[in-house]
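Below: one structure, written as structure tokens.
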Amino acid sequence: MIGILKRTTFVVADAELAAQRYECILRWTRYYDDELLVDGRFPPIAPDGSRARLIMLQAEDPVIGMLGFLSYIDFAPQAPRTGMGIGSPVLVLSTSDAASVANSARSVEGVEATGPVEWQVPASDGRTITLKTVSLADVDGLYFEVSERVC
């Protein structure tokens, strides 16, 4: 059995710029920042031995909730796809203040923020949950939903 999901890493055009965006919006801290030589199989994008920069941001939990940004230094992968489609990730985060997240996101270049929008979703126990959700999309093609539980 696989234990826990520790981190999600996104390939981006510039790891530093991506990390700065989300440090500002999410208020997460930098856990790791280094250059490394990649194995061409992990992820299968660049040739063996390509240099990359990996930055990891850490949420409240020291084991899970990490977000990674990987950019290549001497290799240019394909441009990010535009729009959502099959295989597109939706990163869902919780907050206690959706309005503050939206305001922070609107001040960050390269991020489009929508909301917060109040809506309802069915809970796993059959109840209804009301959320205030901010939708974030950035120039690297990443999409986030940040929700505050209202009730």
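The values are calculated or read from the model by the stated rules, or taken from the named source; none is laboratory data. Note that the structure is a prediction, hence the values are computed from the model and not measured. Cβ: placed from backbone, ideal geometry, glycine included. Neighbour counts: every protein chain shown. Ligands, DNA and RNA are excluded from the accessible area calculation, which covers all protein heavy atoms including side chains. Shrake-Rupley method; radii C 1.70, N 1.55, O 1.52, S 1.80 Å.
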Rounded Å value of the spacing that divides the Cα centres of the range 87-129 and the range 15-43:
22
Full-stretch length increase - ASP125, ARG106 - with 0.36 nm per residue and alpha-carbon distance subtracted
3.3 nm
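Could you check how much of the accessible area of the range 34-141 is carbon and sulfur, as a whole percent, using a 1.4 Å probe?
Summing carbon and sulfur atoms, their accessible area is 54 percent of the total for the range 34-141.
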How long are the semi-axes of the ellipsoid equivalent to the range 56-151, from square roots of 5 times the Cα gyration tensor eigenvalues, in whole Å, largest first?
27, 16, 15
What does the helix-only formula give at 222 nm for the chain: each DSSP H stretch with n ≥ 4 adding -39500 (n - 2.57), the total divided by the residues, and the result rounded to the nearest 500 deg cm²/dmol?
-4000 deg cm²/dmol
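Expressed in nm to one decimal, what extension gain is obtained for the pair LEU91 and THR29 from 0.36 nm per residue of sequence separation less their Cα-Cα distance?
20.5 nm
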So, by mean Cβ neighbours within 10 angstrom, what's the order for 90-98, 40-48 with the highest one leading?
90-98, 40-48
What is the helix-to-structure angle for 15-26, meaning the angle in degrees between its Cα long axis and the longest Cα principal axis of the chain, kept from 0 to 90 and rounded to the nearest 10?
20
Tell me, what is the per residue accessible area of the chain in Å², probe radius 1.4 Å?
61
